[in-house]
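Here the structure comes first, spelled out in structure tokens, and everything after it is commentary.
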Amino acid sequence: MLNEKLKNHNIILASGSPRRQQFFKDLGLHFEIRLIPIKEEYPPTLRHFEITNYLSQLKSMPYLEELKDDDILITSDTIVWLDDIALGKPRSDQEAFNMLSSMSGKTHEVITSVCMRTKNYQKTVSNVTKVTFKSFTEEEISYYIKNFSPYDKAGAYGIQEWIGLIGVTKLEGSYFNVMGLPTHLVYETLNDIVEMQ
């Protein structure tokens with residue numbers, strides 16, 4: 001399938017996320033991982049998917065000079081959008097607690113953007129999923145933070161973990177997008193890139 005079409009290309013996944021790396025394996029793609037850390041800052045005027053588009057493109061910038069003709073570089077960013085505020089990754093237990101408390105009993109949006117670059121081409125796609133949580137007790141939030149790892153996840157939660165199992169009452173859109181990668185869009189866009197060349 002897609003891997004056969006990409007046999008003359010080198011896929012570079014610039015992400016330390018184990019979930020994104022697993023998705024690429026599950027899609028049957030051969031890829032290498034390259035990591036160049038950047039400061040994830042964006043202009044305060046940006047809203048909604050403008051933020052993830054900007055950050056996913058920003059993450060690709062350090063690689064541009066080293067891209068070869070057959071390389072396809074993939075970078076990505078995810079945020080949670082609640083009440084016109086972007087929630088990124090928490091830096092402390094208290095921040096994680098505050099984020100989860102603010103989403104309790106409400107619907108929020110999970111937004112992921114993926115930037116795909118070759119030496120001469122760039123395309124950025126984004127996806128939005130609406131997630132509704134039940135009302136959490138303080139004990140439930142504290143239990144999750146203590147027993148799981150909220151620090152590497154936008155909005156301080158992983159939908160595939162305990163908090164998602166007990167808390168998600170409604171989902172509109174891609175489940176995998178909430179985990180950090182709209183896999184259907186990645187598949188479609190890689191197909192498009194190959195057919196263009």
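We did not get these values from a lab; they are worked out from the coordinates using the rules stated. Keep in mind it's a predicted model, so treat the numbers as computed, not measured. Here Cβ is always computed from backbone atoms with ideal geometry, including for glycine, and neighbour counts include all displayed protein chains.
In percent, rounded to a whole number, the relative contact order of the chain is 21, using alpha-carbon pairs under 8 Å and six or more apart.
Between the alpha-carbon centers of the range 128-157 and the range 26-83, tell me the distance in whole angstrom. Computed from Cα coordinates, the inter-centre distance equals 24 Å.
For the chain, what does the helix formula give at 222 nm: sum of -39500 (n - 2.57) over DSSP H segments with n ≥ 4, over the residue count, nearest 500 deg cm²/dmol? It comes out at -10000 deg cm²/dmol, rounded to the nearest 500.
In a simple Cβ point-charge model (Lys, Arg +1; Asp, Glu -1; nothing else charged), the range 2-196 has a dipole of about 120 debye relative to its Cα centre. Using Cα pairs closer than 8 Å and at least 6 residues apart in sequence, work out the relative contact order for the range 79-186, in percent. Relative contact order of the range 79-186: 33 percent. Taking a straight line from the alpha carbon of Lys5, these aspartates and glutamates sit under 20 Å away, with near neighbours fewer than eight places off in the same chain left out: Asp26, Glu32, Asp69, Asp70, Asp71, Glu188, Asp192, Glu195.
Over 22 Å between Cα atoms, which of Lys39/Lys89; Lys59/Lys153; Lys39/Lys68; Lys123/Lys153 qualify? Lys39/Lys68; Lys123/Lys153, as the Cα separations exceed 22 Å there.
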